[in-house]
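**Student:** Dropping a structure here in structure tokens format, bear with me for questions.
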Amino acid sequence: MGASDRFSRTISKDKVGEASQWELRPLAAGTRVAGSAALSPHGPGRAGGSGREQSGYEAGQAQGYAEATLKAQQARAADKERFDGLLEQLQVRFDELSSQTADALLDLALDIAGQVLRHEVQTRRDGILPVVREALALVIETYAHPTVRLAPADFDLVRESLHGDGQFHGCRVVADAAMTPGGCRVETPQGEVDATLATRWRRVIQTLGVNNPPPDIVAEVPCAAATMTTAAAAPADAP
């Protein structure tokens, strides 16, 4: 018997018995298995799943979302805490640098002010005149014969200036070696007006919250005043 005879043989109906028709279905529609439902491409618990499976799926999804949200919030809180700590450290360091810079600038300003003051006193000898006049103006109306104490370097200049002003003819001008050039002290029986350089310097720098001493000032003493003693004195209207 040839091959064609074997595959072309007809089987009678009484020898076949029970048979079912086979059908080819597309794979996209799900796979059919004899005696079972079609498999869903979405997996169990979504399409075709039982109510309990669907409920468990949704509960697990909600729990996972809640846990992920909590972890994200905790991470953000930790990052914020670290960032705030870094900002605080930077602010402390910035304040320290600002304070150091302010102190350095203040010291520099006082040093410059001292140098300017020293230069003015040594080069502008007439700078003492408005100081003496302002001090005398505070007492001259109530006491006509105040005593003006000056550094010997300022004596001749102030005495000549007061001699030319009739308002101060009664003043007594004294060359005092204890006085610093650039300042004076006006004395009356009722009290005194302290217009010394040290006092004026202290009043100015106290407004800055410091108490630095005034600069050392050495002025050349004119020959006429250099021969006078500490107590040497002459009326402003003396010839």
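**Student:** Looking only at the range 192-203, which residues are more than 17 Å from R125 (Cα to Cα) and in contact (Cβ under 8 Å) with a residue 12 or more places away in the chain?
**Tutor:** Taking the range 192-203 and keeping what is more than 17 Å from R125 (Cα to Cα), we get 192-194, 198-203.
Residues satisfying the conditions are V193, A198, T199, R200, W201, R202.
**Student:** Run S55 past the list (1) more than 30 Å from N211 (Cβ to Cβ); (2) at pLDDT below 80 and report the number of the one that doesn't hold.
**Tutor:** (2) is the only condition that S55 fails.
**Student:** Is it the case, given these coordinates, that V116 is at pLDDT 85 or above, closer than 22 Å to T199 by Cα and not acidic (D, E)?
**Tutor:** no
**Student:** Taking R82, is it touching a strand residue (DSSP E or B) at 6+ places or on another chain (Cβ under 8 Å) and either surrounded by fewer than 18 Cβ atoms within 10 Å (Cβ to Cβ) or among the charged types (D, E, K, R) (or both)? Before the answer, list the steps.
**Tutor:** Details: touching a strand residue (DSSP E or B) at 6+ places or on another chain (Cβ under 8 Å): no; either surrounded by fewer than 18 Cβ atoms within 10 Å (Cβ to Cβ) or among the charged types (D, E, K, R) (or both): yes.
For R82, the condition - touching a strand residue (DSSP E or B) at 6+ places or on another chain (Cβ under 8 Å) and either surrounded by fewer than 18 Cβ atoms within 10 Å (Cβ to Cβ) or among the charged types (D, E, K, R) (or both) - is not met.
**Student:** Which one of D126, D103 is acidic (D, E), within 26 Å of C171 (Cβ to Cβ), in a helix (DSSP H, G or I) and free of Cβ contacts under 8 Å to residues at least 60 places away in the same chain? Give the steps one after another, and end with the answer.
**Tutor:** Values: D103 fails: within 26 Å of C171 (Cβ to Cβ).
D126 is the lone residue from the list that is acidic (D, E), within 26 Å of C171 (Cβ to Cβ), in a helix (DSSP H, G or I) and free of Cβ contacts under 8 Å to residues at least 60 places away in the same chain.
**Student:** Which condition number does V193 fail, the rest of (1) on the phi > 0 side of the Ramachandran plot; (2) at pLDDT 90 or above being met?
**Tutor:** (1)
**Student:** Take the residues of the range 95-127 that are surrounded by 11 or more Cβ atoms within 10 Å (Cβ to Cβ) and farther than 30 Å from S161 by Cα: which is nearest to the chain's Cα centre (by Cα)?
**Tutor:** Looking at residues that are surrounded by 11 or more Cβ atoms within 10 Å (Cβ to Cβ) and farther than 30 Å from S161 by Cα, I get D103.
**Student:** Keeping to the range 154-182, report how many residues are buried (at least 16 other Cβ atoms within 10 Å of the Cβ) and more than 47 Å from the chain's Cα centre (by Cα).
**Tutor:** 15
**Student:** Inspect the range 39-50 for any residue being in a helix (DSSP H, G or I) and either modelled with pLDDT of 80 or more or on the phi < 0 side of the Ramachandran plot (or both) and give the result as yes or no.
**Tutor:** no
**Student:** In addition: Please specify each residue of the range 76-116 satisfying the condition of being closer than 30 Å to P214 by Cβ and of a type in the set (V, I, T).
**Tutor:** T101, I112, V116
**Student:** Take the residues of the range 190-220 that are in contact with a helix residue (DSSP H, G or I) (Cβ under 7 Å, 6 or more places away or on another chain) and under 19 Å from H119 (Cβ atoms): which is surrounded by the fewest Cβ atoms within 10 Å (Cβ to Cβ)?
**Tutor:** The qualifying residue surrounded by the fewest Cβ atoms within 10 Å (Cβ to Cβ) is E220.
**Student:** If you don't mind, another one. Just for the range 128-150: of the residues that are crowded, with 19+ Cβ neighbours inside 10 Å and in contact with an Asp or Glu (Cβ under 7 Å, 6 or more places away or on another chain), which one is farthest from T188 (Cα to Cα)?
**Tutor:** Here the answer is I128.
**Student:** Another one. Quick check, is E187 surrounded by 15 or more Cβ atoms within 10 Å (Cβ to Cβ) and of a type in the set (D, E, K, R)?
**Tutor:** Here the answer is yes, as E187 does meet what is asked.
The values are calculated or read from the model by the stated rules, or taken from the named source; none is laboratory data. As the structure is a prediction and not an experimental result, all values here were calculated from the model. Neighbour counts run over all protein chains shown; Cβ positions are idealised from the backbone, glycine included.
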